[in-house]
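The values are calculated or read from the model by the stated rules, or taken from the named source; none is laboratory data. Quick caveat: nothing in here was measured; it's all calculated off a predicted structure. Cβ placement follows ideal geometry from the backbone for every residue including glycine, while neighbour counts extend to all protein chains displayed. Heavy atoms of the whole protein, side chains included, go into the accessibility calculation; ligands, DNA and RNA do not. Shrake-Rupley method; radii C 1.70, N 1.55, O 1.52, S 1.80 Å.
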Amino acid sequence: MESKWRVTYFKPDRQGDFFTKTSVRFAADMPVEEECGVILYEGDGREQRFPFSAEGKIGTLYGLEIEGEGLSACTYNFYRGKQVLTSPYAREIHGLEKWGDWQEKKRGTKGRLSCHDFDWQGDEPLMTPQKDSILYGLNVRAFTMHKSSGVKHRGTFEGIVEKIPYLKKLGVTAVSLMPCYEYDECMIPEPDRVPPVSPEILQEAPPLEEGAKPRLNCWGFQKGYYFAPKASYSAGASPVCSFKNLVRELHKNGIEIMVQFYFPGETGRLYMTEVIKYWVTEYHIDGVRVSGASIPYGLLSEEPMLKNTKIWCDYLPERYLPAIENPVFKNFLSNNGDYRNDMRRFLKGDEGMINQTLSGHRRNPKEYGVVNYLADYDGFSLYDSVSYEKKHNEENGEDNRDGTDRNYTWNCGVEGETRRKNIKELRQKQIKNALAILFLSQGVPFLFSGDEFGNSRMGNNNCYCQDNETGWIKWKNNRFSEEILACTRFFIKLRKSHPILHMEKELLVMDAKGYGYPDIPYHGIEAWKPDFSYISRVAGILLCGKYAPGPGDNSFYIVCNMHWESHNLALPKPDKNKKWVKIADTCFPAENYSETEGISQNQDSEKGASENGNTGKKNSFTVTVGSRCIAVFQTAPCETKRAAGKRAGKKAAPK
């Protein structure tokens, strides 16, 4: 049959599928002796094969170009002998457009040859410095799929766009999307599949009983088509344009976007680097979160195109640190050790946690940034970490064997939901404690979607297959959730307003500049006498504002009392003509938090920190801090006698 397309061969210098409106160039690695080539599928069902030729071969890399009208309406695959393969470089995938569309066998896929125009309107990556970053993690589908989200296009990129005003009001600077590249979410067993290198991340499909539907992989931690955005996450005709629109609209509102990629152990390192470079150049993303085995740290750190791109890895091997350090734009990030578990243990009152807590709070190495979080997609949500001590993963269909057993959580006295007022109040306070310590830590805070208002996963700590209310974000609107949300917004705003709370370099616990105070001295029940003993559950953290860049900043004193009893603490004397003002206390409602007014001292001392006046000591005064409580003090100018007299006169004046 005579072809309506013109075929030529070329010797490629790299792999990939490269499109224009009238031609496409294929460069494919085919290390085989049998015939191989390209299959074009036309809209009417006809298909035509174009074999590769030695004329366009270098090494095991073949190059073939097809020109002609109507290519954009076609789909394509490669063939290798009798085997048909979908290109790992396909930029759009046909066959997976409908979420969970299982048809008793694995769905067939093809690459699309469509070429889309998109007006970026001058968009560029934002390059927000790490020290100013506040990350917000989300799963595209779970974020807006619940009807309470109130969006028109639920579970899609467009749904996130509808939530941009909410994200902006919350105060986050970047969203980090769980895998949103194309993959088949229907978990059908593959008899010839090699076992996963990282079984704790990559979920294997269990044997499928006759007549049963497969479970859905809602997280995407499996091999995928890494160059293509996920079609079922798009409410429009083109997932490419949907995702680009999301990026552009986020950038217009000052919010960065990061994308998470999971690469199984068999993935080539050069290929991983190519994937990340493509998304940075084609989609203008600001960063990536890379998970899996054999991460190419060296290639990523040496690639000039990625020097302004945030690259977040679970950990960074020490031997790569010299190459990772970027003097122009600090772009690599890593998890802050065991921050999540250490802080959870401290917050629930475990012994022996003071040293780890203070170290994790302060840590901020010069070569890379550290990401702090108390909850993520894996493990318990923040609400569940104060409501459950044991995982409840029965609905996953694995007899509750999946998911970690190391949660370091405390249910505050009752497992799961309860109507007991005292338990609910304690849980609310513990969540506020967690938010306070998260946003007042140095490093880069990461908040997972829903944790800012107490979203629950019903005790499931591995809801990778829960495409329902367990896995979705429930947009609560009650007094409990509103209090948590108000607390979150306050601490985010406080952090962003004061550079001493998010320094570029690690504080040294010493007076390096001769200000009379160390940059971050520690205290205990008595000022300047920290208690690092095994049984200690109380710490005072002073952040000296003089060490902040530019004109300096206010100083802050953070009191953490995770004991089940209240304590009297002596605060260090502030600078001359300054006084300590309590601006936040997790024992009190968030509506009382205020940088300008401060929290009233006429409160029950058992419920919060109250000033008891001068102790007679030259360098301190005493406050009472309630049980399981974090209180935050800030320096403010002292009133002159004249101003104080005028204020007293106004209060005494008759109405």
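The table for this structure:
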{"quantity": "Long-range HN-HN contacts of Cys74 with modeled amide H, under 5 Å", "calculated": "Leu113"}
{"quantity": "Residues whose placed amide H lies under 5 Å from that of Tyr225, excluding near-sequence neighbours", "calculated": "Glu182, Tyr183"}
{"quantity": "Protein accessible area in region 14-136, 1.4 Å probe - carbon and sulfur %", "calculated": "46"}
{"quantity": "Residue-by-residue Karplus 3J(HN,Hα) for region 227-235, coefficients 6.51, -1.76, 1.60, Hz, glycine and proline x", "calculated": "8, 10, x, 6, 5, 6, 8, 10, 8"}
{"quantity": "Stokes-Einstein diffusion coefficient of region 256-414, Kirkwood radius over Cα pairs, 4 °C, 1.567 mPa s, in µm²/s", "calculated": "73"}
{"quantity": "Sites matching GluC sites (Glu not before Pro) across region 376-414 that sit in DSSP coil, with at most 15 neighbouring C-beta atoms within 10 Å", "calculated": "Glu398"}
{"quantity": "The chain: angle of helix 479-497 to the longest principal axis, Cα-based, in degrees nearest 10", "calculated": "90"}
{"quantity": "Kirkwood Rh in Å, taken over the chain so that all alpha-carbon pairs contribute", "calculated": "27.2"}
{"quantity": "Shape call, region 482-588: gyration tensor on alpha carbons, a/c limit 1.5", "calculated": "oblate"}
{"quantity": "For region 289-346 versus region 440-482, the gap between their alpha-carbon centres in whole angstrom", "calculated": "25"}
{"quantity": "Alpha-carbon gyration tensor eigenvalues x 5, square-rooted, for region 1-84, Å", "calculated": "20, 15, 11"}
{"quantity": "Where only alpha carbons of region 50-196 are counted, the Rg and the Dmax (Å)", "calculated": "20.6, 59"}
{"quantity": "In Hz, Karplus ³J(HN,Hα) per residue of region 74-85 (6.51, -1.76, 1.60; θ = phi - 60°; x = Gly, Pro)", "calculated": "9, 10, 8, 8, 9, 10, 9, x, 8, 8, 10, 10"}
{"quantity": "Percent of Cα pairs exceeding the 16 Å cut-off, where the set is region 305-348", "calculated": "48"}
{"quantity": "Highest to lowest packing among 323-332, 374-383, scored as the average C-beta count within 10 Å", "calculated": "374-383, 323-332"}
{"quantity": "For region 206-317, projected area of the alpha-carbon convex hull averaged over all directions, nm²", "calculated": "9.2"}
{"quantity": "Bins of 5 Å, starting at 0 and running to the largest distance - Cα pair percent for region 307-393", "calculated": "3, 13, 21, 18, 16, 13, 9, 5, 2, 0"}
{"quantity": "Per-residue HN-Hα couplings for region 100-112 [Karplus 6.51, -1.76, 1.60; θ = phi - 60°; Hz; x = Gly/Pro]", "calculated": "x, 7, 8, 10, 6, 7, 4, 5, x, 10, 9, x, 9"}
{"quantity": "Too-long pairs where the Cα-Cα distance tops 25 Å, listed order kept, from Lys163/Lys277; Lys513/Lys573; Lys330/Lys529; Lys147/Lys421; Lys391/Lys432", "calculated": "Lys163/Lys277; Lys330/Lys529; Lys147/Lys421"}
{"quantity": "For region 1-58 and region 100-140, distance of Cα centres in Å", "calculated": "27"}
{"quantity": "Angle in degrees between helix 239-252 and the longest Cα principal axis of the chain, rounded to the nearest 10", "calculated": "30"}
{"quantity": "Region 212-275 - accessible surface per residue (Å², probe 1.4 Å)", "calculated": "28"}
{"quantity": "Distance cut-off 13 Å, percentage of C-alpha pairs in region 255-329 lying past it", "calculated": "64"}
{"quantity": "Sulfur and carbon atoms: percent of accessible area, region 458-595 [1.4 Å]", "calculated": "51"}
{"quantity": "The chain: angle of helix 641-652 to the longest principal axis, Cα-based, in degrees nearest 10", "calculated": "90"}
{"quantity": "Per residue, in Å², the accessible surface of region 369-484 once ligands and nucleic acids are set aside, probe 1.4 Å", "calculated": "36"}
{"quantity": "Residues with amide H under 5 Å from that of Lys578, placed H, sequence gap 5 or more", "calculated": "Cys638"}
{"quantity": "Among 313-319, 59-65, the order from most to least packed when residues are scored by Cβ within 10 Å on average", "calculated": "59-65, 313-319"}
